[in-house]
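Asker: Questions regarding the structure given below will be posed in turn.
The numbers here are math on the coordinates, done by the rules we state, and not lab data. Since the model is a prediction, treat every value here as computed from it, not as a measurement. Here the Cβ is made from the backbone with ideal geometry for all residues, glycine too, and neighbour counts use every protein chain on show.
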Amino acid sequence: MNSKQVVLITGSSTGFGRLSAETLARKGHTVFATMRDPGGRNSKNASEIRTLAEKDSLPIHVLEMDVTDAASVERAVNAAVAKAGRIDVAINNAGYYLGGLEEAVTTEQAQRLMDTNFLGPVRVNRAVLPHMRRQRSGVLIHISSIAGRLVLPSGGFYCASKFALEALAEAYSYELAAQGIESVIVEPGAYETPVAGNSVTAADEARTNTYGAAKEFSAKVGGALASTAGNAQEVADAVLRIIETPAGEKQLRYFVGRRNFGVDEINALSKQVQANVLEAFGIAADTKFLKGKAVGSV
């Protein structure tokens, strides 16, 4: 893989996505910063990114992408490949938080959350993988959360979306390794980003009001996380380090944050258990990353 890589990032209008776009571009990587509606609701954010790129001569290109729309995803990926000739890294960052008691979350709210947080990466990965397979290299980075390993009362549906993303990303890591493609999971702890302002609350207040003291879970969990919140630049810096780690040497999971609440221990145990599972099914050797020629290469 080239030292300077072509990177596509979803949800780049604010937060981790935007910080990562600038951080990677300042290191010489070509970045396609994607977002919904850059000519409308995100016009200010898109304009700021374009202005920054022009002012500092950064290789950042803004593209429209709605991860809930397969056609929109395909258009953005095709546009990036047409301009740069390839995609080396796809960062699945787009997502939002849904909080509140689980019974009070409507079916429609749950569907919309999963459509973005889980099915969004499915669409992006399906769009980029044919290109990565042709070049016999690539990295899929999935921005998860400590909520992808821990269950937070009043955040169960968000946790479910991140648990699902982690399972998908780990399965990709086994299936794609022999083709020279890596799948990585980043698990941020609490960080100060605009995601809080974009969060959604369970809509069925009548059901919430039947829960007594449990109604306070959301505020208590939020307060505890806020007390450990760090600078979101730390996540962008971690993404840069991962991207610049040589092929075949990346970890599956990276926790980033000030307090992991036991996530590191969970990950260590999971790694051991999964190794045993792969051995038990007789596929451990087939899930190893192959440096050099990938399976099927000539």
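Asker: Anyone know which of THR228, THR30, THR14 comes out most mobile in the 10 Å Cα GNM of the chain?
Answerer: Looking only at THR228, THR30, THR14, the biggest GNM fluctuation is shown by THR228.
Asker: Between THR201 and SER47, what is 0.36 nm times their sequence separation minus the Cα-Cα distance? Round to one decimal in nm.
Answerer: 52.5 nm
Asker: Still on this model: Determine the sum of side-chain charges near VAL6: Lys and Arg each +1, Asp and Glu each -1, restricted to other residues whose C-beta is under 10 angstrom from that of VAL6.
Answerer: Charge balance near VAL6 sits at +2.
Asker: Checking the a/c ratio against 1.5 first, then a/b against b/c, what shape does the Cα gyration tensor give for region 240-285?
Answerer: oblate
Asker: Given H placed 1.01 Å from N in the peptide plane, which residues other than close sequence neighbours of ALA232 have an amide H under 5 Å from its amide H?
Answerer: Here GLU192 satisfy the definition.
Asker: Using +1 at the Cβ of each Lys and Arg and -1 at the Cβ of each Asp and Glu in region 6-287, identify which of PHE118, VAL89, VAL277 lies farthest towards the dipole's positive end.
Answerer: Comparing the listed Cα positions along the dipole, VAL89 ranks first.
Asker: Here's a follow-up. Under 1.5 on a/c is rounded, so check that first for region 6-287, then, if it is not, pick prolate when a/b is larger than b/c and oblate when it is not; a ≥ b ≥ c are the square roots of the alpha carbon gyration tensor eigenvalues.
Answerer: Since a/c reaches 1.5 but b/c is at least a/b, the shape of region 6-287 is classed as oblate.
Asker: What are the ³J(HN,Hα) values, in whole Hz, obtained from phi via the Karplus relation 6.51 cos²θ - 1.76 cosθ + 1.60 with θ = phi - 60°, for each residue of region 185-191 in sequence order, with x given for Gly and Pro?
Answerer: 10, 10, 10, x, x, 7, 9
Asker: How large is the charge dipole for the chain, taken about the Cα centre, if only the Cβ atoms of Lys, Arg (+1) and Asp, Glu (-1) carry charge, to the nearest 20 debye?
Answerer: Here the size comes out at about 860 debye.
Asker: On a 32 Å Cα-Cα criterion, which of the cross-link pairs LYS27/LYS162; LYS55/LYS220; LYS55/LYS83; LYS220/LYS250; LYS162/LYS215 come out too long?
Answerer: LYS55/LYS220; LYS220/LYS250
Asker: Let me ask another. Along the positive direction of the dipole of region 6-287 (beta-carbon charges: Lys, Arg +1; Asp, Glu -1; about the Cα centre), which of THR287, PRO59, ASN231 reaches farthest?
Answerer: PRO59
Asker: Say each of LEU269 and ALA171 gets a label point 7 Å from the Cα, pointing the same way as Cα to Cβ; how far apart are those two points in nm?
Answerer: Reported label-point gap for LEU269 and ALA171 is 2.4 nm.
Asker: Quickly rank 239-246, 38-45 as a protection proxy: mean count of other C-beta atoms within 10 Å, highest first.
Answerer: With the highest mean Cβ count within 10 Å placed first, the list reads 239-246, 38-45.
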